[in-house]
Amino acid sequence: MRRKIQRSMILVIAATLLVSMALLTFVVYRQNVGLMEEEARQEAGYICAAIEASGSAYLEEMDAQQEETRVTWIGSDGDVLYDSSEGQEDMENHADRPEVREAFQSGAGQDIRESDTLGRQMFYYAQRLSDGSVLRVSKTISSALGSALQILPGMAVIAVLMVGLAWMLSKWQVSKLIEPINKLNLEHPLENDVYEELTPLLESMDKQNKEKEAIANMRKEFSANVSHELKTPLTSISGYAEIMMNGLVRPEDVRGFSERIYNEASRLIVLIEDIIRLSKLDEGGGEVEKEEVDLYALTREVCSRLAHKAEKHSVHVEVSGEPVSILGIRQVLNEMIYNICENAIKYNKPGGKVDVWVGSTLKGVKVIVTDTGIGIPEDQQERIFERFYRVDKSHSKETGGTGLGLSIVKHGAILHNASIHVDSSLGKGTRMELTF
């Protein structure tokens, strides 16, 4: 980054210097051309005045003095009477020259073109004398360009010095610019007092840090909860097995102890299965492809499997609605609906009811489960989807819940881009909506 910034600064400065040199050369060239034109006009005026006063003899005396200026005297018929360059004897009639023709007509004329005689770009200025003849003064344009180009070596030296100075200054400036960035406190991005342009980046970093911290805390809490949840049934199994191993159980009590060991082992298996399901959902559901799933048929199937549990809790379950399909992972959808309906049965009252409705609405496909159970306190409704969170821990223990059921529902909803809405009143029941 440091090198890129420094290189960019040098390139900008070098490009600026080159453009400045080109513009300055052009300005000097134009200024020299202007001065040369004015000088030609003045010389023409002086020579005309001298000829008027001294006659053609002045031209003979001037011939040895003029080197950079070409002087031509043209008669009223266009014939060349005198030319300071060599070979004037063979010169053709000049009456058709633009500057000469203009001088014959208006008294003075000028033109810029390539000389047929000298083969160079020339500036011509012609002035009519009192006898009707025309005096023409011409100068080479290349001399103006040469004067302009004479400044280039000096400018090149200055440019090299400026680029060197710019390199040193840019190196120092870049170091000053980069220093606050190198000293950024990445642990607490918003505490940095740095460039305003970095604010969105720092805010994004702060958000990511908080998310990472939240995930880390969640993992720690999850690990602690898993350890606790696994330890409880294992302790019971170990204790009952140790009593039986030491022969401290009467023969008639062996069945009861064995049943307790079996129940705790079953609870342990269910817990492990739920943890595996959550791990898969955390990974995005694995590599299972989505398929068309009829939610109504799936819900009836789930409730049929829960019929025995509903009968055990003296709860009546009724399914209504219409066939409706969505694109999803059948196994995950099955676990989501199963966990919601199972909770509605487990946390219901004897003689209670669970209504399950599946169908299409203006907001999307919905699965609505309504029960007449114990309800959820309003201050805990946001937390019921946390892993291992239980509203009524004692009741959950009696019903054999792992505390992971609604976490599976939440992750499944995220996987299917679905939303969950909970409406519950303590002692009156709960209504839970899944909207796809």
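Which residue pairs have Cβ atoms closer than 8 Å, lie 6 or more positions apart in sequence or on different chains, and pair a first residue in the stretch 127-139 that is assigned to a strand (DSSP E or B) with a second residue that is open to solvent by 10 Å² or more (accessible area, probe 1.4 Å) and among the aromatic types (Phe, Trp, Tyr)? Listed pairs, sorted by first residue: 128/104; 134/73; 134/104; 135/73; 136/73; 136/125; 137/125; 138/125. Here residue 286 meets the list (1) out of contact with any helix residue (DSSP H, G or I) (no Cβ under 9 Å at 6 or more places or on another chain); (2) modelled with pLDDT under 85; (3) within 24 Å of residue 367 (Cβ to Cβ) almost entirely, failing just condition (1).
Checking the structure you have, find out if any residue of the stretch 129-136 is open to solvent by less than 40 Å² (accessible area, probe 1.4 Å), modelled with pLDDT under 75 and either more than 60 Å from the chain's Cα centre (by Cα) or of a type in the set (S, T, N, Q) (or both). Checked against the condition, which is being open to solvent by less than 40 Å² (accessible area, probe 1.4 Å), modelled with pLDDT under 75 and either more than 60 Å from the chain's Cα centre (by Cα) or of a type in the set (S, T, N, Q) (or both), the stretch 129-136 yields no hits at all. Looking only at residues of the stretch 28-49 that are of a type in the set (Gly, Ala, Ser) and either closer than 30 Å to residue 131 by Cβ or at pLDDT 85 or above (or both), we find that the one that is surrounded by the most Cβ atoms within 10 Å (Cβ to Cβ) is 44.
Looking across the stretch 155-185 at every residue that is charged (D, E, K, R) and under 30 Å from residue 204 (Cβ atoms), the one that is least open to solvent (accessible area, probe 1.4 Å) is identified as 179. In the set (1) in contact with a helix residue (DSSP H, G or I) (Cβ under 8 Å, 6 or more places away or on another chain); (2) modelled with pLDDT under 85; (3) more than 30 Å from residue 345 (Cα to Cα), residue 278 fails one condition alone, (3). Within the stretch 324-341, if we keep just the residues that are in contact (Cβ under 8 Å) with a residue 60 or more places away in the chain and assigned to a strand (DSSP E or B), the residue that is least open to solvent (accessible area, probe 1.4 Å) turns out to be 328. Would the stretch 310-323 turn up any residue that is in contact with a Phe, Trp or Tyr (Cβ under 9 Å, 6 or more places away or on another chain), open to solvent by less than 20 Å² (accessible area, probe 1.4 Å) and either not basic (Lys, Arg) or not in a strand (DSSP E or B) (or both)? No, because not a single residue in the stretch 310-323 is in contact with a Phe, Trp or Tyr (Cβ under 9 Å, 6 or more places away or on another chain), open to solvent by less than 20 Å² (accessible area, probe 1.4 Å) and either not basic (Lys, Arg) or not in a strand (DSSP E or B) (or both).
The rows are residues; the columns are (1) within 25 Å of residue 300 (Cβ to Cβ); (2) of a type in the set (A, V, I, L, M, F, W, C); (3) modelled with pLDDT under 90; (4) open to solvent by 30 Å² or more (accessible area, probe 1.4 Å).
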{"position": "384", "(1), (2), (3), (4)": "no, yes, yes, no"}
{"position": "387", "(1), (2), (3), (4)": "no, no, yes, yes"}
{"position": "393", "(1), (2), (3), (4)": "no, no, yes, yes"}
{"position": "402", "(1), (2), (3), (4)": "no, no, yes, no"}
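Hey, among the residues in the stretch 358-381 that are part of a strand (DSSP E or B) and crowded, with 19+ Cβ neighbours inside 10 Å, which one's nearest to the chain's Cα centre (by Cα)?
Filtering the stretch 358-381 down to residues part of a strand (DSSP E or B) leaves 358-361, 364-371.
Filter once more, keeping what is crowded, with 19+ Cβ neighbours inside 10 Å: 358, 366-369, 371.
Numbers: 358: 43, 366: 37, 367: 40, 368: 42, 369: 44, 371: 49 Å.
If we take residues in the stretch 358-381 being part of a strand (DSSP E or B) and crowded, with 19+ Cβ neighbours inside 10 Å, then 366 is nearest to the chain's Cα centre (by Cα).
The values are calculated or read from the model by the stated rules, or taken from the named source; none is laboratory data. The structure displayed is predicted, hence computed values, not measured ones. For neighbour counting, all protein chains shown are included, and Cβ atoms are generated from backbone atoms with ideal geometry for every residue, glycine included. Note: areas computed on protein heavy atoms with side chains; ligands, DNA, RNA excluded. Shrake-Rupley method; radii C 1.70, N 1.55, O 1.52, S 1.80 Å.
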